[in-house]
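The structure appears right after this line, and notes come after that.
A short reminder: the numbers here are calculations on the coordinates, not readings from a lab. What you see is a predicted model; the values in this text were computed from it and never measured. Cβ coordinates were reconstructed from backbone atoms using ideal geometry, including for glycine residues, and neighbour counts include every protein chain displayed.
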Amino acid sequence: MKKDNIYKYMYHGGVTYPASPESAPLESAPLESAPLESAPLESAQLAHMPLASVLHDLAWTIQRLDPVEGLGIERIPAPELTILKEVDRNPGISVRAMAGLLAMQPSNVSASVRSLVQRGLLTRTPSAADRRVAELNVTGQMVRNRRRIEAAWSSRITEALGKLPEDAAAQLVSAAPALALLMDELRLQS
């Protein structure tokens, strides 16, 4: 597909989609297998499939291009990074509440928390209300690392946006608040 057609069509996941979400896919690459014989998808679900796929792949690409090596910061596995981000958003959260929020097994969250505490990125302190419950909080080291990583991500994304057509870059930047609302809504559903 030519670059000048970027606004007419979106190619993603082996399927070419018209830029308008009301339209169906134009062409499809053969699938190795048809995994599900489930209920037919509603038209709204079909319209949003390209967005979901692009967002998933964009998140993966950003994590894959993780800039930590150049910053002298130890790489953090994705599940542990997710836990750190959630603790940062929810100071004092317990392991059990974290597991529920992330739809993870409490034992897996506990193992990740132990590792993060050992590396000096989280603190685990007994709750004043219930000494059997530990409250999780990020450390100053984690906050400093996060700021450096976010600055590096921002630099890479700014560089990539600078290579896009100006109107496409502006659309992506203006979509950030709506994407944050979508993220919050998806978290409420889990």
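Between Gly162, Val143, Val133, the Cα set farthest toward the positive side of the dipole of segment 125-168 (charges on each charged residue's Cβ, about the Cα centre) is that of Val133. Taking amide H atoms as placed 1.01 Å from N in the peptide plane, the amide H of Val133 lies under 5 Å from those of Ser127, each 5 or more residues away in sequence or on another chain.
Summing Cβ point charges (Lys, Arg +1; Asp, Glu -1) relative to the Cα centre of segment 51-108 gives a dipole of roughly 200 debye.
The distance between label points at Ala168 and Leu65 comes to 1.3 nm (points 7 Å beyond Cα on the Cα→Cβ vector). Applying 0.36 nm per residue to the separation of Ser115 and Ala129 and subtracting their alpha-carbon distance, the gain on full extension is 2.5 nm. Approximating the spin labels as points 7 Å out from Cα along Cα→Cβ, the Leu188-to-Gln141 distance works out to 3.7 nm. Over all other residues within a Cβ to Cβ distance under 15 Å of Val143, the charged ones net out to +4, with Lys and Arg as +1 and Asp and Glu as -1.
Between Ala175 and Trp153, the simple label model (points 7 Å from Cα in the Cβ direction) yields a spacing of 1.7 nm.
What net charge do the residues around Ala180 carry, taking every other residue with its C-beta under 14 Å from that of Ala180, with Lys and Arg at +1 and Asp and Glu at -1? Cβ neighbours under 14 Å give a net charge of +1.
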